[in-house]
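Single-structure report; data block below.
The values are calculated or read from the model by the stated rules, or taken from the named source; none is laboratory data. Bear in mind the structure is a predicted one, so any value in this text is a computation, not a measurement. When we count neighbours, we look across all protein chains shown, and the Cβ atoms used for this are built from the backbone with ideal geometry, even at glycine.
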Amino acid sequence: MGKLFDPALIIEYAPLILSRLPVTLLIVFWAIVGGSVLGTLLALARIHKVPFLNGAAVFFISFVRGTPILIQMFIVYYGLPLLLMYFGINITRWAKLNFVLVSYALNNAAFLAEIIRSAILSVPASQSEAAWSVGLSASQTFRRIILPQAFRTAFPAFGARVINAMQDTALAFTLGILDILGQAQAIGIRTYHTLEGYVVTAIIFIVASLLMEHTFAFIERRRLAR
Amino acid sequence: MKRSFVIGLLIALAFVGTGYAAPREIFVGIGNAFEPYAFIDEKGEPAGYDVAVLKEVDARLPQYEFKFDSVEFTNLLLGVDAGKYDVVSQQFERNPQRAEKYLFAEEGFANYDKHIVVKKGRADIKTIDDLVGKTLSVTNGSASASIAQEYNEKHDKKIAINFDGANQVVYDNIVNDRIDAGVMTRRVWKRTNDAFGNGLDIVEGLYSKSDAYFIYAKKETQLRDDIDAALKEIKKDGTLTKLSLQYTNADWNVE
Amino acid sequence: MTFDASYIWPSLIAALQCLHVTLILSFVSFCVGLLLGTPVAVSRKFHATWTSYALGVLIPILKGVPLVLYVLMFNFAILKPLDALSEYYAWADGLRRMDKIYIGLVAMSVSATVMISETMRSALSSVSEGQYEACFSVGLTKWQALRRVVLPQAMVFAAPVLCNNIISLIKGSSIVFVVGIMDVLNSAKTSAQINYRFLEAYIASALVYWVICATVGRIGWFLEKRQARGVAKAGGA
């Protein structure tokens, strides 16, 4: 006979859930890396108001930010094969994990685009004016003067996005991917004790976010000191 | 050189002659949210009664090879629509609207009769009519929910439908008088009581009666007939009973 | 795929019936988060007193907790004591049957506060040092400097990220189904109960969320433009 909430189970479930951490980290890694690359491109398109791309970026960002990730995952999982079918490529039996990675990367790209845009815009105009007056080209200015400063400004928001991305991975379980939250849910279904599994994942998230906080603060202090 | 070629050719022809053909791969979608029927075990593999029955069927049908994939409930049916799965299972109940969209098996393979469950010691709720004016907890998207909804549409006095969440929350709600009743199969009721502390009573009258069926893509009538035939076989020779007792502690055609 | 667009309409109607739940959960928790999160951010940034150290430890921990756990935790944390007290007090008995939306509000407000305090902290650091120095050189006190000079500028920098935050809240609010609260997404799913038309239900709820979020995005954009008048920006164009 069990209890409604059994703390001993937390210790029992911990190893199994921890074994799934690599999957979560893999998803977060590709989501952030892929999202950053695409997000920077989107941010630049928005800032410079490039004719067609600006409108497309606005639409994409609006849609991806405005709809639940679940829908986006469904669109990628069911829609992408349909789209590629027209070109004769059949990826219906492609690994589910790839679909998950693509949808999370696209999702994070939209959010990161806004963070990057805000950070770039927060660098004072005097910086780029000074750079141009010294003779740096536009891309040099961007790379050497604006980007490092924007990077420093964006750090906290970027860190928050990484943590959020980690929590968003919860939905991977609907496609059967076993990351840490998925494993917690699977255990909850098997044993009826969902709460204890979630507590384990919360502890993992807390440790991960603390580690990231300190790493970011460390980098900020040592490398980006004013 | 020529002789070994002829011998090789004869062997190949012999194979063809015996009718050896590679088995067709069947993609099976299994739900991941319903213990003990369709869930994920400690090794991360699809497991449960539904899986065991299908593995047994696979063993008896050499022309097919089943590949199991575990996804959430809504993705099972969407997967059938999108051609990702040929057959899916998570204790599906049949009703006319669903049969319109999907191909159901003819043979059921488990009993899915449901009862009302209430807090221990409570005697005022015996039938669905007693639920009028009280709150009932059902799972969003389930057949139990649609039965309650249809009841409300046909009657003036309504049942207050509350859509439940995590198991622990539902149990806590009923045992602490926040919700008046829930709907479960007898086996799930036993498991819930075992897990949380024996606070629920089951009402003997039936809430709904059904069997559980596999669902197929509309065009897979041959696959459906083959699996139905295999199901008939394993029912007759007692294997289904054995599997049912192993996974659900009750015979397949009994509650 | 067997997709029937005519089923989107009934799902849409079902989804809109619970629209007020989603809106209340997201906007109220956003406001609470802003009201409580800004002082937290100010305290942390300026290393005010022991509170800033305490918060410096607490906020990173709380940031890592997923919203679903907040909701479940508060559900039991609020209701269990009330259950115990209800044997002695009638008011406790009445309270413990409260509409679960209040629990959802508390949980989401806590999550929002943590999230927004981080946003404001980032915004405060992007106000250039020169501003603070100029304020003090003119003789403004710390409070005056904050209120009149720093916070208005910080809000401009914070606006896009705050937009992100409120949109996260709107979409994240659907997790409250774990304690039985019905919002837009779950209400749309109920329409698919009888006939299994889930894809149409998801699309209907996506449309509702998109309209809400796009509107919020628009409002945020207007506010940003208005507040940014007179603030020079870098980045080209």
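Does residue C:43 satisfy being in the same structural domain as residue C:122 (by TED's automatic domain parsing), of a type outside the set (A, V, I, L, M, F, W, C), within 25 Å of residue A:207 (Cβ to Cβ) and in contact with a Lys or Arg (Cβ under 6 Å, 6 or more places away or on another chain)?
On the way: in the same structural domain as residue C:122 (by TED's automatic domain parsing): yes; of a type outside the set (A, V, I, L, M, F, W, C): yes; within 25 Å of residue A:207 (Cβ to Cβ): yes; in contact with a Lys or Arg (Cβ under 6 Å, 6 or more places away or on another chain): no.
Against the criterion (in the same structural domain as residue C:122 (by TED's automatic domain parsing), of a type outside the set (A, V, I, L, M, F, W, C), within 25 Å of residue A:207 (Cβ to Cβ) and in contact with a Lys or Arg (Cβ under 6 Å, 6 or more places away or on another chain)), residue C:43 does not qualify.
When residue C:36 is tested against (1) modelled with pLDDT of 90 or more; (2) surrounded by 20 or more Cβ atoms within 10 Å (Cβ to Cβ), just one condition goes unmet, and that condition is (2). Please determine, by comparing only the residues of region B:127-173 that are closer than 17 Å to residue C:101 by Cα and more than 9 Å from chain C (Cβ to nearest Cβ), which one is surrounded by the most Cβ atoms within 10 Å (Cβ to Cβ). Per the criteria, the residue is B:135.
Condition first: at pLDDT 75 or above, over 19 Å from the mean Cα position of the chain (by Cα), more than 20 Å from residue C:6 (Cβ to Cβ) and not assigned by TED's automatic domain parsing to the domain that holds residue C:109. Can you find one or more residues in region C:201-216 that meet it? The answer is no, given that none of the residues of region C:201-216 is at pLDDT 75 or above, over 19 Å from the mean Cα position of the chain (by Cα), more than 20 Å from residue C:6 (Cβ to Cβ) and not assigned by TED's automatic domain parsing to the domain that holds residue C:109.
Every residue, every condition in (1) modelled with pLDDT under 80; (2) within 14 Å of chain A (Cβ to nearest Cβ); (3) more than 24 Å from residue A:206 (Cβ to Cβ), yes or no:
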{"position": "C:3", "(1), (2), (3)": "yes, yes, yes"}
{"position": "C:24", "(1), (2), (3)": "no, no, yes"}
{"position": "C:75", "(1), (2), (3)": "no, yes, no"}
{"position": "C:91", "(1), (2), (3)": "yes, no, yes"}
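Filtering region B:11-32 down to residues that are modelled with pLDDT of 60 or more and in a helix (DSSP H, G or I), which residue is nearest to the other protein chains (Cβ to nearest Cβ)? Working first, answer last.
Residues of region B:11-32 modelled with pLDDT of 60 or more: B:11-13, B:21-32.
In the following step, the residues that additionally are in a helix (DSSP H, G or I) were identified as B:11-13.
Working: B:11: 32, B:12: 29, B:13: 33 Å.
Ranking the candidates gives B:12 first.
Among the residues of region C:184-197, those identified as more than 9 Å from chain A (Cβ to nearest Cβ) and on the phi < 0 side of the Ramachandran plot are C:184, C:186, C:187, C:188, C:189, C:190, C:191, C:192, C:193, C:194, C:195, C:197. The residues on offer are A:106, A:136, A:83, and the sole one that is under 30 Å from residue B:83 (Cα atoms) and free of Cβ contacts under 8 Å to residues at least 12 places away in the same chain is A:83.
Before we move on, is residue C:175 at the interface with another protein chain (Cβ under 9 Å from one of its Cβ atoms), within 30 Å of residue A:185 (Cβ to Cβ), in contact (Cβ under 8 Å) with a residue 12 or more places away in the chain and among the hydrophobic types (A, V, I, L, M, F, W, C)? Even if it seems obvious, please write down each step before you answer.
Numbers: at the interface with another protein chain (Cβ under 9 Å from one of its Cβ atoms): yes; within 30 Å of residue A:185 (Cβ to Cβ): yes; in contact (Cβ under 8 Å) with a residue 12 or more places away in the chain: yes; among the hydrophobic types (A, V, I, L, M, F, W, C): yes.
When the stated conditions are applied, residue C:175 passes them.
So in region A:148-185, with the set limited to residues that are β-branched (Val, Ile, Thr) and within 8 Å of chain C (Cβ to nearest Cβ), which one is nearest to residue B:32 (Cα to Cα)? So, considering only residues that are β-branched (Val, Ile, Thr) and within 8 Å of chain C (Cβ to nearest Cβ), the one nearest to residue B:32 (Cα to Cα) is A:163. Whenever a residue of region C:47-61 is free of Cβ contacts under 8 Å to residues at least 12 places away in the same chain, its partners that are among the aliphatic types (A, V, I, L, M), lying with C-beta atoms within less than 7 angstrom and at least six residues away or across chains, give the pairs C:60/A:210; C:61/A:206; C:61/A:210. The selection criterion, being out of contact with any Cys (no Cβ under 6 Å at 6 or more places or on another chain), facing chain A (nearest Cβ under 9 Å) and either at pLDDT below 85 or surrounded by fewer than 24 Cβ atoms within 10 Å (Cβ to Cβ) (or both), holds for residue C:158. Say we look at region A:78-112 and pick out the residues that are within 14 Å of chain C (Cβ to nearest Cβ), assigned to a helix (DSSP H, G or I) and at pLDDT below 85; which of these is surrounded by the most Cβ atoms within 10 Å (Cβ to Cβ)? Taking the candidates together, the pick is A:78. Every listed requirement among (1) free of Cβ contacts under 8 Å to residues at least 60 places away in the same chain; (2) in contact with a Gly (Cβ under 7 Å, 6 or more places away or on another chain) is met by residue A:178 save one, (1). I'm checking my understanding of the structure. Among residues of region B:126-144 that are within 30 Å of residue B:234 (Cα to Cα) and assigned to a helix (DSSP H, G or I), which one is modelled with the highest pLDDT? Residue satisfying both the conditions and the ranking: B:144. Of everything in region B:211-255 that is among the acidic types (Asp, Glu) and part of a loop (DSSP other than H, G, I, E, B), the residue that is modelled with the lowest pLDDT is B:255. Residue count for region A:122-145 under the criterion of being facing chain C (nearest Cβ under 10 Å) and either crowded, with 24+ Cβ neighbours inside 10 Å or in a loop (DSSP other than H, G, I, E, B) (or both): the result is 3.
Residues that are in a loop (DSSP other than H, G, I, E, B) and within 16 Å of residue B:174 (Cα to Cα) within region B:111-125 comprise B:120, B:121, B:122, B:123, B:124, B:125, listed in sequence order.
Restricting to region C:119-138, name every residue that is more than 19 Å from the chain's Cα centre (by Cα), at the interface with chain A (Cβ under 10 Å from one of its Cβ atoms), small (Gly, Ala, Ser) and surrounded by 13 or more Cβ atoms within 10 Å (Cβ to Cβ). Scanning region C:119-138 gives C:125, C:126, C:128.
If you check B:97, B:149, which single one turns out to be more than 28 Å from residue A:190 (Cβ to Cβ), under 18 Å from the mean Cα position of the chain (by Cα) and either in a helix (DSSP H, G or I) or among the polar types (S, T, N, Q) (or both)? Walk me through how you get there before you give the answer.
Values: B:149 fails: under 18 Å from the mean Cα position of the chain (by Cα).
None of the other options fit; the residue is B:97.
Starting from residues that are at the interface with chain C (Cβ under 8 Å from one of its Cβ atoms) and among the aliphatic types (A, V, I, L, M), keep the ones in region A:187-226 and report whichever is surrounded by the fewest Cβ atoms within 10 Å (Cβ to Cβ). My answer is A:207. Evaluation of residue B:212 against the conditions (1) within 21 Å of residue B:104 (Cα to Cα); (2) out of contact with any Phe, Trp or Tyr (no Cβ under 9 Å at 6 or more places or on another chain); (3) in contact (Cβ under 8 Å) with a residue 12 or more places away in the chain shows that the sole unmet condition is (2).
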